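J.: There's a structure below that I have some questions on.
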Amino acid sequence: MLHVIASHQGRPSDDPIFALNREATERRARGEAVVNATVGSLLDDEGKLAVLPTAARAVHEVPRDEWAAYAPISGTPGFLKAVMDDLFVDQPALRATAVAAATPGGTGALRHAIANFLEPGQALLTTSFYWGPYKTLTDEADRRLATFSMFDAKGALDVEALDRALRDQVREQGRVLLFLNDPCHNPTGYSMQPSEWRAVVACLLAHAEKAPVTLLVDFAYSAYNAGDPRAFLKELEPLVGRAGLLFAWSASKTFTHYGLRVGALVACVDAQQDRASTEAALSYSCRGTWSNCNRGGLAAITRLLTDPDLARACHLEREAFKAMLQARVRAFNAAASEKKLPYPRYDGGFFVTVFHDKAFEKALAMKERGVFVVPQAGALRVALCSVAERDVGRLVTTLAE
Ligand SMILES: Cc1ncc(COP(=O)(O)O)c(C=O)c1O
């Protein structure tokens, strides 16, 4: 007899992206020339995980007792300070209002946001194209997911659709939590312009006069942005004190240590008393879920953020990885525009999305031909982070056929 509660029965056992990746890996191991554009990690042109050597060394240099001991519930103070300093290096006004809790990766930060900024049963709001686990996280927390149409007719963020969705949510549930993954949105690859951020902030402020509205910026891919990933943060300053402002910070991609599970939820709260209450709520959530994070991981990332020589070395190594990725982006843009593939503006980042009416059938047909991409309603996600530059031509040709 199945003893799992009724509402959790029939849940899929395997993440669809991991299942596709497994099939691609098995077929490649049997000698087939497979292009695997499903993996959400940066691979080099030989298909090996691209790991920052300095980050790997710092992880190995963490002393035994740091790995063995518990961390404080919210994370070590040095780690929290390092993350907030890193995020707000050019934004002292935001930095002055920030509190944080350590989380296992950005995923943990998203989890804490859902649990603390939405009541049970309420819906998280995000873009119509979104990272699938947003839905899993809301399911798991007994919340729901609602979306607004991501792009307008000109291919920019559809702020009017956002405005309508915010109005509906304020009316229906009297509270809003909006996730925006920027820059280098997963899955579309889209990065918003400062003018789009200004429009989003104005829209949020208008609705925040009627109900509590919180924006979470999912910053997971920021280190791979073509330009300055923090340039838009100054646009968010007007939100502080009038709307909630959160950041999901992650070391997974930034330091190429996905399995280390280091991240943080950062909250900007203007009043001292509210800051303390927010900090307490986040700490309580840590205790009530994973208790505390991996202390050794926090120690390694703290050192990488604060030791100037290590930070500089990581920056240079990351720039080399970014150059490899940018070469793929350029090859994709050249081939895809020649084939007239429909896709959003793509300046850089791990993923791009090609719009397609029959995405699931198309992905299946591509798989038959040895090219693996991830389908979702209306689109195919292409993980250029895992495709060698030499394979981009074949990938685009198969997409276009
Ligand atoms: C959009 C997005 N947000 C957050 C994350 C969180 O990653 P992690 O929990 O490994 O830091 C990911 C990872 O793939 C992601 O794609």
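J.: Would you say Glu119 is of a type in the set (Asp, Glu) and outside any helix (DSSP H, G or I)?
T.: yes
J.: While we're looking at this one, here's another question. Could you say whether any residue in segment 135-142 is within 22 Å of Asp163 (Cβ to Cβ), among the small types (Gly, Ala, Ser) and modelled with pLDDT of 95 or more?
T.: Scanning segment 135-142, I find no residue that is within 22 Å of Asp163 (Cβ to Cβ), among the small types (Gly, Ala, Ser) and modelled with pLDDT of 95 or more, so the answer is no.
J.: Then there's this: Restricting the search to segment 169-182, which residues are touching a strand residue (DSSP E or B) at 6+ places or on another chain (Cβ under 8 Å), away from the ligand (no atom under 16 Å from the Cβ) and not in a strand (DSSP E or B)?
T.: Residues satisfying the conditions are Gln169, Val170, Gln173, Arg175.
Here's the yes/no breakdown for (1) in contact (Cβ under 8 Å) with a residue 12 or more places away in the chain; (2) more than 24 Å from Arg230 (Cα to Cα); (3) surrounded by 14 or more Cβ atoms within 10 Å (Cβ to Cβ); (4) within 24 Å of the chain's Cα centre (by Cα):
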{"residue": "Ser41", "(1), (2), (3), (4)": "yes, no, yes, yes"}
{"residue": "Gly47", "(1), (2), (3), (4)": "yes, yes, yes, yes"}
{"residue": "Val51", "(1), (2), (3), (4)": "yes, no, yes, yes"}
{"residue": "Thr54", "(1), (2), (3), (4)": "yes, no, yes, yes"}
{"residue": "Arg57", "(1), (2), (3), (4)": "no, yes, no, no"}
{"residue": "Asp65", "(1), (2), (3), (4)": "no, yes, no, no"}
{"residue": "Ala69", "(1), (2), (3), (4)": "yes, yes, no, no"}
{"residue": "Met84", "(1), (2), (3), (4)": "yes, no, yes, yes"}
{"residue": "Gln91", "(1), (2), (3), (4)": "yes, no, yes, yes"}
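J.: Can you tell me how many residues within segment 122-140 are part of a helix (DSSP H, G or I) and within 15 Å of the ligand (Cβ to nearest atom)?
T.: Residues flagged as part of a helix (DSSP H, G or I) and within 15 Å of the ligand (Cβ to nearest atom) within segment 122-140 amount to 7.
J.: Which residue, of Asp142, Asp182, is farther than 17 Å from Ala379 by Cβ and surrounded by fewer than 19 Cβ atoms within 10 Å (Cβ to Cβ)?
T.: Step by step, each of Asp142, Asp182 is checked, and only Asp142 is farther than 17 Å from Ala379 by Cβ and surrounded by fewer than 19 Cβ atoms within 10 Å (Cβ to Cβ).
J.: May I pose another question? Name, by its number, the condition in (1) in a helix (DSSP H, G or I); (2) closer than 30 Å to His60 by Cβ that does not hold for Val329.
T.: Answer for Val329: the failing condition is (2).
J.: Hey, could you check segment 139-167 for residues that are touching a residue at least 24 places away in the same chain (Cβ under 8 Å) and in contact with a Pro (Cβ under 7 Å, 6 or more places away or on another chain) and say which is nearest to Ala202 (Cα to Cα)?
T.: Phe151
J.: Kindly list, by first and then second residue, each pair from a residue in segment 111-138 that is farther than 27 Å from Arg287 by Cβ to a residue that is within 12 Å of the ligand (Cβ to nearest atom) and part of a loop (DSSP other than H, G, I, E, B), limited to pairs with Cβ atoms under 7 Å and residues at least 6 apart or on different chains.
T.: So the pair list comes out as Phe129/Pro187; Phe129/Thr188.
J.: Let me ask you something else. Please enumerate the residues belonging to segment 224-240 that are in contact with a Ser or Thr (Cβ under 8 Å, 6 or more places away or on another chain) and either at pLDDT 95 or above or among the basic types (Lys, Arg) (or both).
T.: Passing the criteria: Arg230, Val240.
J.: Is it the case, given these coordinates, that Leu341 is closer than 25 Å to Gln193 by Cα and either surrounded by fewer than 17 Cβ atoms within 10 Å (Cβ to Cβ) or modelled with pLDDT of 95 or more (or both)?
T.: It is true that Leu341 is closer than 25 Å to Gln193 by Cα and either surrounded by fewer than 17 Cβ atoms within 10 Å (Cβ to Cβ) or modelled with pLDDT of 95 or more (or both).
J.: Need the failing condition index for Thr107 against (1) out of contact with any Pro (no Cβ under 8 Å at 6 or more places or on another chain); (2) surrounded by 16 or more Cβ atoms within 10 Å (Cβ to Cβ), just the number.
T.: Failing condition for Thr107: (1).
J.: Ok, one more. When residues of segment 240-250 are filtered for being closer than 18 Å to Asn292 by Cα and more than 7 Å from the ligand (Cβ to nearest atom), how many remain?
T.: Of the residues in segment 240-250, 1 are closer than 18 Å to Asn292 by Cα and more than 7 Å from the ligand (Cβ to nearest atom).
J.: Looking at (1) closer than 30 Å to Glu160 by Cβ; (2) crowded, with 22+ Cβ neighbours inside 10 Å, which is the only condition Ala98 fails?
T.: So the condition that Ala98 fails would be (1).
J.: I've got another one for you. Which of the residues that make up segment 93-113 are more than 22 Å from the chain's Cα centre (by Cα) and either among the hydroxyl-bearing types (Ser, Thr, Tyr) or part of a loop (DSSP other than H, G, I, E, B) (or both)?
T.: Ala96, Thr97
J.: Checking Gly259 against (1) without any contact (Cβ under 8 Å) to a residue 24 or more places away in the chain; (2) within 14 Å of the ligand (Cβ to nearest atom); (3) over 17 Å from the mean Cα position of the chain (by Cα), which test does it fail?
T.: Unmet for Gly259, out of (1) without any contact (Cβ under 8 Å) to a residue 24 or more places away in the chain; (2) within 14 Å of the ligand (Cβ to nearest atom); (3) over 17 Å from the mean Cα position of the chain (by Cα): (3).
Here's the yes/no breakdown for (1) touching a residue at least 60 places away in the same chain (Cβ under 8 Å); (2) more than 16 Å from the ligand (Cβ to nearest atom):
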| position | (1), (2) |
| --- | --- |
| Phe232 | no, yes |
| Glu237 | yes, yes |
| Val266 | yes, no |
| Ala271 | no, yes |
| Ser283 | yes, yes |
| Cys286 | yes, no |
| Arg303 | yes, yes |
| Pro308 | no, yes |
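The values are calculated or read from the model by the stated rules, or taken from the named source; none is laboratory data. Predicted model only: the values in this text are computed from it and were never measured. Neighbour counts run over all protein chains shown; Cβ positions are idealised from the backbone, glycine included.
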